[in-house]
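All remarks here apply to the structure that follows.
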Amino acid sequence: MRMMSSLLSTENLSELEISALFRQADELVNAGFPQKISPKIVACLFFEPSTRTRMSFQTAAYRLGHRVLTMEMAESSLIKGESQVDTVLNVAAMNPDAIVVRYGNSPELDALLPKLDIPIVNGGSGTKAHPTQALLDAYTLHREFSGAVRGRKVLIVGDIAHSRVAHSNFDVLAKLGAEIGVCGPEVLLPSSTSVTQKIQRFTNLDEAVEWADVYMGLRIQLERHQATDLSLKSMGDYHQHFGLTPDRLKRLKKNAIIMHPGPINHGVEFANEVGLDPRNRIFAQVTNGVAIRAAVLAQVLTARQECSK
Ligand code: CP
């Protein structure tokens, strides 16, 4: 099997490669994250805020015995006006063994990153892609349903148009044979593309919730909205129409699971009752994220080591 040399998107990953990554994550967890290769330097460049992804990559790197370089945006030369492209080029010139990068919509970085000869792992790029989130989401389903993801009905609810998580999930879940449904305000649903044509669109969340084996809520990303999108004053209204309310929790199948990539707007996409619901797998996603990111780092670092022999 081809070893992953970078992870910029899930689009080049086959179903077999995704399954191999899940096996590697299982093995790492079961073996207590054995440190097989000499310590490497992993640089984390986050040009957008993050709690889960950044700390999860850091935890994964440390668990594997590697060292992590992080750059605090507010203390970097970005505040002197240095561009993100120049920042990446300078960090790459220090020759770390891998760079994990998160950034907003940036055609310049999209063009630069694949050209670097250092392994690059995408920690979330604009509204386009969040490959490791989609992989950890699918890994959570894989673990939950004992490997049987094919045919599971995954309902993704909320701000899909602005969600890099949803876009990568469409790709990974389709490759694993899951059925995908979406529900949300029309203005926040994905535009019709060849990918989204295979996706079932629900206008009524009460109906959709009864269909679902997996309910995946998404955060309303106000920071990415245009003036034409939802207005803040309609958030209470949003919760009534598109929130997971106590009534909808009752309609959701008993053996369904509830997921959310975080951060959560409590009282908007999820009622407070979701936190205590036994179907909630939100922290399992976070735990599984460390295993998936460890597997990704192990692959790209090993591929680089093999290349340099
Ligand atoms: N799910 C996710 O990407 O969370 P962070 O923005 O906190 O990394």
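The values are calculated or read from the model by the stated rules, or taken from the named source; none is laboratory data. Owing to the predicted nature of the structure, the values given are computational and were not obtained by experimental measurement. All Cβ positions, even for glycine, are placed from backbone atoms using ideal geometry, and neighbour counts span all protein chains on display. We work out accessible area using only protein heavy atoms, side chains counted, and drop any ligands, DNA or RNA first. Shrake-Rupley method; radii C 1.70, N 1.55, O 1.52, S 1.80 Å.
Numbers at a glance
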item: Per-q log10 I(q)/I(0), segment 154-309, q = 0.08 Å⁻¹ (Debye; single scatterer per alpha-carbon; no solvent); result: -0.26
item: Residues of type lysines that LYS254 reaches as a straight line, Cα spacing below 25 Å, ignoring anything fewer than 8 places off in the same chain; result: LYS153
item: Net lengthening on full extension, ILE41/MET55 (0.36 nm per residue, minus Cα-Cα); result: 3.5 nm
item: Furthest towards positive pole of dipole, ALA134, VAL296, GLY158, structure part the chain, Cβ charges; result: VAL296
item: Distance-filtered residues of segment 259-293 - backbone nitrogen under 20 Å, label point 7 angstrom along HIS241 Cα→Cβ; result: 265-271
item: C-alpha long axis of helix 15-30 to longest principal axis of the chain, angle in °; result: 80 degrees
item: Residues ARG279 and LEU222, FRET efficiency given R0 of 25 Å [Cβ-Cβ distance, rounded to 0.05]; result: 0.35
item: Whole-angstrom Cα spans of the chain along principal axes, big to small; result: 57, 46, 36
item: Under DSSP loop assignment and at most 14 Cβ neighbours within 10 Å, longest GluC sites (Glu not before Pro)-free interval of the chain; result: 83-309
item: Segment 1-84: equivalent-ellipsoid semi-axes (sqrt of 5 x gyration tensor eigenvalues, Cα, Å); result: 28, 17, 11
item: Cross-link pairs beyond the 23 Å C-alpha cut-off, checked among LYS40/LYS115; LYS175/LYS198; LYS128/LYS175; LYS40/LYS80; result: LYS40/LYS80
item: Cα long-axis angle, helix 164-175 against the chain (0 to 90 degrees, to the nearest 10); result: 90 degrees
item: Cross-link partners of LYS36 among aspartates and glutamates (Cα-Cα below 14 Å; sequence separation of 8 or more within a chain); result: GLU27, GLU306
item: Gain upon complete extension [SER14, ASP86; 0.36 nm per residue less C-alpha separation]; result: 22.6 nm
item: GNM flexibility winner over the chain from SER38, SER106, SER50 (Cα, springs under 10 Å); result: SER38
item: Heavy-atom surface of the chain, accessible at 1.4 Å and reported per residue (Å²); result: 46 Å²
item: GNM flexibility winner over the chain from LEU16, LEU45, LEU276 (Cα, springs under 10 Å); result: LEU276
item: Theoretical gain in end-to-end length, ILE79 to ASN105 [0.36 nm per residue, Cα-Cα removed]; result: 7.5 nm
item: Rounded to the nearest 10 Å², the accessible area of MET55 at probe 1.4 Å; result: 110 Å²
item: The chain - percent of accessible surface contributed by carbon and sulfur, probe 1.4 Å; result: 52 percent
item: The chain: angle of helix 84-93 to the longest principal axis, Cα-based, in degrees nearest 10; result: 40 degrees
item: Where labels lie 7 Å past Cα in the beta-carbon direction, separation of GLU48 and LYS309 in nm; result: 3.8 nm
item: Cα-projected label distance for LYS250 with THR203, points at 7 Å along beta-carbon direction, nm; result: 2.6 nm
item: Hz values of 3J(HN,Hα) by residue in segment 297-309 - Karplus curve (6.51, -1.76, 1.60), Gly and Pro given as x; result: 4, 4, 5, 5, 6, 5, 4, 5, 4, 5, 5, 7, 6
